[in-house]
Amino acid sequence: MSLPNHGANPQLLYSELAIPLPEQIIDYSENVNPLGPPLSVVENWQGYIHLLSSYPEPHGEPFLSAIAAYHGIPKSRVLLGNGAAEIFSLLAGHFQRKCAMIVHPTFSEYEATLRANGTEIIHLSVEEIENWKLPIGHIIENMKRADLLYLCTPNNPTGVLPPRNELVHLLEEGQKVGCTVILDEAFIDWIGEEASMISYIEDFPNLIIVRSMTKMYAIPGIRLGYMVSSPALIEALREKVPHWHINGIAAHIGAKCIDETQYRDKSIEYAKKSKVRFVHFLQELGCKTTKSVTNYVCFKLPHPDLSQRFFHDMLNRGIVLRHTENFKGLDGKWFRVGIKNEHAMAVLQEEMEAWIKQNSHL
């Protein structure tokens, strides 16, 4: 039986699979910051109430200025989005009926928005998941007919970040043949700004970078993201967005989050240490893991043929993992786990260890 696509909203998953909802559920399929939103946002919540009765600033201020200052770029290079999802939808509409290249496994939203806009899609795949590496030669060859290249950097779901020199090489080759490179940096915060390609934005007019505020700052409910690119493209897309598409509370919370240097450092350190411990645990169990640099881990069981049984048994125990049946190249043999708090990680390890021991004879 094929599994429904999912990521967060675990109640819908249980409903579609007709599995009784356990009393307690821990959702490891979503990968936002386990530390929760910054305290400055939580403690100032009453201070945002007055914004409910006012129309938002039409350009998304003060978030727009905060982002431009944070990256040291003019506001003319920044487009705000009602989540990164809105930006991907806008991009697909802008480049409709063009030809786009996608490297799998990767975030499914690219293909979904492109198909809705009549775009031809070239599918390429990473050959070996455990030692993930971009198929550079195949990408460059296909750039000759592709108008767009979508890359998730770091990759979702494997968490692997392509080397900077490879990304620069692809940008150079794309510039030669007229191929625009779209980098999805939704999880780059978990490494640090030094890993971002935003510093190359003036050198490559064919570069588009999409960012999300959701993952690091644990604010998926307010929907906030942004894009960095050439002023010409930013202006063209800005004309297509609805008026007041960034709500006032989101704009003020986003600006507050950008100032949270200590919060980011603490979050990165926690995720890094927790991930190291969890990867060690998985490898001790005989699982294979990818070289993730993010706040999630992608792993494969010692006996991948038991993957569906494992997934369902974990659901019955109130543990929701992210299956990979809808990721091309992973085909349900791998699982993605978002790093959670210490208690949740301990629960997962205990349940996994018990399950593998109980099923080692199969």
query = Mind checking which lysines have their C-alpha under 25 Å from residue 176, skipping anything on the same chain fewer than 8 residues away?
reply = 98, 133, 144
remark   = Using alpha-carbon coordinates alone, the radius of gyration and Dmax of the chain in Å work out to 20.7, 64
inquiry  = Could you report the accessible area of residue 191 in Å², rounded to 10, computed with a 1.4 Å probe on the protein chains as they sit in the structure?
reply    = 50
task = Just report the Cα centroid separation between segment 265-340 and segment 58-92, whole Å.
result = 32
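Just to confirm, what accessible area per residue do you get for the chain at 1.4 Å probe, in whole Å²?
Roughly 44 Å² per residue, with all protein chains present.
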query = Using a 1.4 Å probe, how large is the accessible area of residue 104, given in Å² and rounded to the nearest 10?
reply = 10
remark   = So, with points 7 Å from each Cα along the Cβ direction, the residue 316-residue 303 label distance in nm works out to 1.6
key: Rounded to 5, percent antiparallel among DSSP beta bridges of the chain   = 45
inquiry  = I'd like the orientation of helix 261-284 relative to the chain: the angle between its Cα long axis and the longest Cα principal axis, in ° from 0 to 90, rounded to 10.
reply    = 30
Protection proxy ranking of 166-177, 320-331, 126-137 - average other beta-carbon atoms within 10 Å, highest first = 320-331, 166-177, 126-137
ask   = Magnitude of the Cβ-charge dipole of the chain, K/R +1 and D/E -1, about the Cα centre, nearest 20 debye?
value = 240
request  = Identify all aspartates and glutamates with a Cα-Cα distance to residue 333 below 16 Å; exclude those on the same chain that are fewer than 8 residues away in sequence.
outcome  = 127, 128, 130, 305, 313, 325
Accessible carbon and sulfur surface of the chain relative to its total accessible area, %, 1.4 Å = 51
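The values are calculated or read from the model by the stated rules, or taken from the named source; none is laboratory data. The model shown is predicted, which means the values in this text are computed figures rather than measured ones. Ideal geometry is used to build each Cβ from the backbone, glycine not excepted, and the neighbour counts take in all protein chains shown. Accessible surface areas use protein heavy atoms only, side chains included; no ligands, DNA or RNA. Shrake-Rupley method; radii C 1.70, N 1.55, O 1.52, S 1.80 Å.
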